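The values are calculated or read from the model by the stated rules, or taken from the named source; none is laboratory data. Since we're looking at a predicted model, the values are computed, not measured. All Cβ positions, glycine included, derive from the backbone under ideal geometry; neighbour counts span all protein chains shown. All accessible areas refer to the heavy atoms of the entire protein, side chains included, with ligands and DNA or RNA removed. Shrake-Rupley method; radii C 1.70, N 1.55, O 1.52, S 1.80 Å.
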Amino acid sequence: MSTSASEISARIVEAVMAQKLAPGSRLGEQQLAMLFDCSRTIVREALTRLAARGIVTVSARRGWFVIEPSQEEAREAFEARRVIELGLIRSTSKIDKAALRQLKAHLQREKTALKENDVGNRSFLLGDFHVCLAECLGNTLLADTLRDFTARTTLIAMLYQSTHDAVQSCEDHVQIVAALERGDHAAAEALMAAHIGTVQSALRVQAPTDPLAQLRDALAPLQQNTAAKPKRRKAAASSQDNTDSSTYLGALL
């Protein structure tokens, strides 16, 4: 039985969150069709869905690629997560015991992945915590939205070489769940805001630069050399009889 478009798109998002697919990775239709034992039509459907969700992009001549978010898109993605996640916590009156057990089980998986130094699983679980939290707070629709935003911020962290510590991220999650368990939603909201802010501030985002800077420098007039040319020519002419042609050319160059 061939893989469905939904399964393919889910696997791609999972690979992104596990940092196994880097920003700009090419997603060839034929290769994916062979890998998932399905038609290119199904692959194209999966990739079209991911494009609508902002995870991949397509070029008419070059094919499908994992997105490479700009600095502005990075800012917007983190701002969207703040609005969704802080709003979810703020609007929750009480979290039940079953949801708390689910969150604690997720935290335990995070800690295990950290101990085992399983980078892929660790990255996925740290991102998926936010999806799990939305589900446990009773909003599966926003959980799906958060999954996409979390995938995008994972790509952003890879693209802008995040220095955020995975151990600290896990500890932040532990504190958020602890605040929810004791019913202190204000503290949980503040902790989440600080957590998202810390993750964003760890990105090595450089200030906007002049896109023509390198070309501008390369094509700048060599004014400092203009004044020196007559002297070099004079020196070269006076010593021409005592040097061979290669030495003369070297002096000019």
Practice task
May I ask you to list the aspartates and glutamates whose Cα is less than 19 Å away from that of residue 20, ignoring any residue fewer than eight positions away on the same chain?
Solution key: 7, 29, 68, 110, 116, 118, 128, 148, 165
Exercise for the section: Identify the GluC sites (Glu not before Pro) of the range 49-133 meeting these criteria: DSSP loop state and at most 16 other C-beta atoms within 10 Å of the C-beta. Expected result: 116
Exercise for the section: Calculate what fraction, in whole %, of the accessible area of the chain sits on carbon and sulfur atoms when a 1.4 Å probe is rolled over the protein chains. Expected result: 52
Practice task
May I ask for the distance between the Cα centers of the range 26-43 and the range 137-160, given as a whole number of Å?
Solution key: 25
Exercise for the section: Find, among the trypsin sites (Lys or Arg not before Pro) in the range 1-62, those assigned to loop by DSSP (not H, G, I, E, B) with at most 15 other beta-carbon atoms within 10 angstrom. Expected result: 20, 61, 62
Handout entry: Surface per residue (accessible, 1.4 Å probe) for the chain, Å²
Key = 59
Exercise for the section: Figure the gain on full extension for residue 86 and residue 193 (residue separation times 0.36 nm, minus the Cα-Cα span) and round it to one decimal in nm. Expected result: 37.8 nm
Exercise for the section: Choose one answer from 126, 155, 219: the residue with the largest mean-square fluctuation in a GNM of the chain with alpha-carbon springs under 10 Å. Expected result: 219
Practice task
Mind checking the full-extension length gain between residue 115 and residue 79? Use 0.36 nm per residue of separation minus the Cα-Cα distance, one decimal, nm.
Solution key: 9.8 nm
